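Engineer: Please see the structure below; I have some questions.
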Amino acid sequence: MKYLLKTISLVLLLCLVHLPARAQAFDPEPYLGEYWYGLYMNGSKIGYLVSDVTLADDGRIQAIENSTFKITMAGIKQEMTFNSKRIYGTDGALNEVITSSDDITGQSQFHGIIEGEKLILTSTVAGQKTTQTLPKPSETLQDMESIIALVADGVKIGDSTSFAVFEPMYGKEIEGTITIIGEEEKIFDGVLTQVFKTKSIIPAMGIEGIAYMTSDGTTLEEQFAGVMTMRLEPKEVAQDVTYANDTIISNAAYVDKPIKQARTRESLTLRISGPLTDDLLLNDERQSYTRDGDAYTFVGKKITLKGLNIPKVPITESSVQEWLKPTTFVQSDHPKLIDQARKIVGDRTDAAEVSEAICDWVYKKMDATFSARLTNSLEVLDSMEGDCTEHSMLYIGLARAAGLPAREVAGLIYAPSPKPGFYFHQWARVWVGKWIEVDPTFNQPIADATHIRLVEGDLFEQSKLLPVIGKIKIEVVE
């Protein structure tokens, strides 16, 4: 769940691309100003955001957007802050972008500088710096102008434009479109105000948003993915957050009775309804979906390795080499992770035995605690504490360091308490001659039948979960 806070922060940034502008011509002055927004998830307030655009002495424009989340996870209060600074030249072109995450473990920072036709991106995670060279992004301040033109006099319903924002944490540019779909009157600051209703679509993340904008380009409110709402508020109102939303409890899919032998049963049949898209309907050996009217019949199985020709580590299969590579958040080439993997694995070479040994070590050595932070493998190895996200990220980092292809998985898992139901959860997939699912949080070298995999991949891929948070309903059939 906490990984999705970063997704929410990014989507808010994309929504705010057009907020500061109030003019159609490129003139720095109209872009300036400070705006405060309250942030709500499924109706409950979880944080606030401030957007502040200023003009530097050299004529460049600096746009700062900071979001703060104050949530409760299983009764434990948590706070995370995501900060973004974007600097545009006097011609409106993006010059520099800095994003950071602040949590209980410290700060992770991502700094991109435009040099000619390249962007030099330096990432600092768990005290480790990495640098990569990427193509120059297309983002400019003028992107705002085309959106402002949408809500100017003379526009009509159906008019559309596009925008692009480079996100250093993902190392990629995110594109979207915005279309006028209606015109309404809304009460704003006690005054009946004529507003335009717009629809934003970010295809790569599977996210759509509905916004209400005035004719000068100010967004009064935006709802996206059917889950999050960003609402313009006075500063003191926006900052009034009480940790009332327990993201673990409020977004679970509860069932009417406990599931017997949940961890040991061979199979489980469920009826699942909600805003499930094709991207989330993942079918394979261990799980399958069948359309059933307005819902899906889900069958989960606990698979076996019987009869499988299990390879030796390190894995040399060409099709899975991508999942052996180190990344910004899985630093599997770091000496600490390599050394620890060697100590755990010992003289084992059987891939399944290596995976089981790492799973067992992570489960037994880590202290289980809920924590809101931007997780990475190296930091978890140092702290040796955390929830399902930390368990899976450490397992993945050690697995790759040992020569096992591994990747993140997220979805739902059954738990009997605090109420019987399916809770959002993260675990791992590992290749041992075929892909199997491993859950180090519960010391399961082969994940049990109650795991419902919805997405697989990194932080960006997990953004596809956002539209279904708190929206899934589950009925136990068997």
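Engineer: Using θ = phi - 60° and the Karplus relation 6.51 cos²θ - 1.76 cosθ + 1.60, list the HN-Hα couplings for segment 410-419 in order, rounded to whole Hz, with x at every Gly or Pro.
Structural biologist: Using θ = phi - 60°, the values come out as 9, x, 10, 9, 6, 9, x, 9, x, 9 Hz.
Engineer: To the nearest 0.05, how large is the calculated FRET efficiency for Glu478 and Glu317 if R₀ is 51 Å and r is the Cβ-Cβ distance?
Structural biologist: Details: r = 36 Å, r/R0 = 0.70.
Efficiency, from the Cβ-Cβ distance: 0.90.
Engineer: Hey, what number do you get for the chain at 222 nm if only DSSP H runs of n ≥ 4 count, each worth -39500 (n - 2.57), divided across all residues, to the nearest 500? Mind dumping the intermediate values first?
Structural biologist: Values: 8 runs with 76 residues, N = 478.
Only helices count here, giving -4500 deg cm²/dmol.
Engineer: Using the Cα centre of segment 313-444 as the reference point, and only Cβ charges (+1 on K/R, -1 on D/E), how large is the resulting charge dipole? Debye, rounded to the nearest 20. Working shown, then result.
Structural biologist: Details: 13 positive and 18 negative charges, 21 e Å.
Its charge dipole is roughly 100 debye.
Engineer: Can you list the residues, at least 5 places off or on another chain, whose amide H is less than 5 Å from the amide H of Glu233, using H built in the peptide plane?
Structural biologist: Trp36, Tyr37, Gly38
Engineer: For Val438, enumerate residues with amide H under 5 Å from its amide H, sequence gap 5+ or separate chain, H modeled in the peptide plane.
Structural biologist: Sorted by chain and number, the residues that satisfy this are Ala428, Arg429, Val430, Ala447.
Engineer: Right, here's the next one. Using label points projected 7 Å from each Cα along Cα→Cβ, tell me how many nm separate Ile210 and Ser417, to one decimal.
Structural biologist: Between Ile210 and Ser417, the simple spin-label model gives 4.1 nm.
Engineer: Please compute the per residue accessible area over segment 389-478 with all protein chains in place, 1.4 Å probe, rounded to a whole number of Å².
Structural biologist: Values: 2030 Å² over 90 residues.
Accessible area per residue: 23 Å².
Engineer: Among Leu466, Gly158, Ser200, pick out the residue whose Cα is farthest towards the positive end of the charge dipole of the chain, where Lys and Arg carry +1 and Asp and Glu carry -1 on C-beta, about the Cα centre.
Structural biologist: Towards the positive end, the residue furthest out is Leu466.
Engineer: If you average over every viewing direction, what projected area does the convex hull of the Cα atoms of segment 421-467 give, in nm²?
Structural biologist: Numbers: hull surface 15.7 nm².
It is 3.9 nm².
Engineer: Going by Cα centres, segment 440-478 and segment 377-435 are how many Å apart?
Structural biologist: Computed from Cα coordinates, the inter-centre distance equals 11 Å.
Engineer: In addition: GluC sites (Glu not before Pro) within segment 248-318: which are DSSP loop residues with at most 11 other Cβ atoms inside 10 Å?
Structural biologist: Here the sparse-neighbourhood loop sites are Glu285, Glu317.
Engineer: Here's another thing I want to ask about it. Using the Cα centre of the chain as origin and beta-carbon charges of +1 (Lys, Arg) and -1 (Asp, Glu), tell me which of Val320, Thr179, Thr140 is placed farthest towards the positive end of the dipole.
Structural biologist: The residue sitting farthest along the positive end of the dipole is Val320.
Engineer: Could you state the per residue volume, in Å³, of the convex hull enclosing the Cα atoms of the chain? All intermediate terms of the calculation are to be shown ahead of the outcome.
Structural biologist: Numbers: hull volume 74.3 nm³, N = 478.
Normalising the Cα hull of the chain by residue number yields 155 Å³.
Engineer: Another question, if that's okay. Could you work out the equivalent-ellipsoid semi-axes for segment 238-297, taking the square root of 5 times each eigenvalue of the Cα gyration tensor, largest first, in whole Å? Numbers along the way, then the final one.
Structural biologist: Values: eigenvalues 172, 67, 27 Å².
They are 29, 18, 12 Å, listed from largest to smallest.
Engineer: By the gyration tensor of its Cα atoms, with a ≥ b ≥ c the square roots of the eigenvalues, what is the shape of segment 197-300: rounded for a/c under 1.5, prolate for a/b over b/c, or oblate?
Structural biologist: Numbers: a/c = 3.67, a/b = 1.82, b/c = 2.01.
Taking the square roots of the gyration eigenvalues as a ≥ b ≥ c, segment 197-300 is oblate.
Engineer: May I ask you to give the percent of accessible area on the chain that is carbon plus sulfur, with a probe radius of 1.4 Å? Intermediate results must be reported in sequence, preceding the final value.
Structural biologist: Numbers: 9290 of 19360 Å².
With neighbouring chains kept in place, the figure for the chain is 48 percent.
The values are calculated or read from the model by the stated rules, or taken from the named source; none is laboratory data. Only a predicted model underlies this, so the values are computations on that prediction, with no experimental measurement involved. Glycine gets a Cβ as well: all are built from the backbone with ideal geometry, and neighbour counts include every protein chain shown. Just the protein is used for accessible areas: all its heavy atoms, side chains included, with ligands, DNA and RNA removed. Shrake-Rupley method; radii C 1.70, N 1.55, O 1.52, S 1.80 Å.
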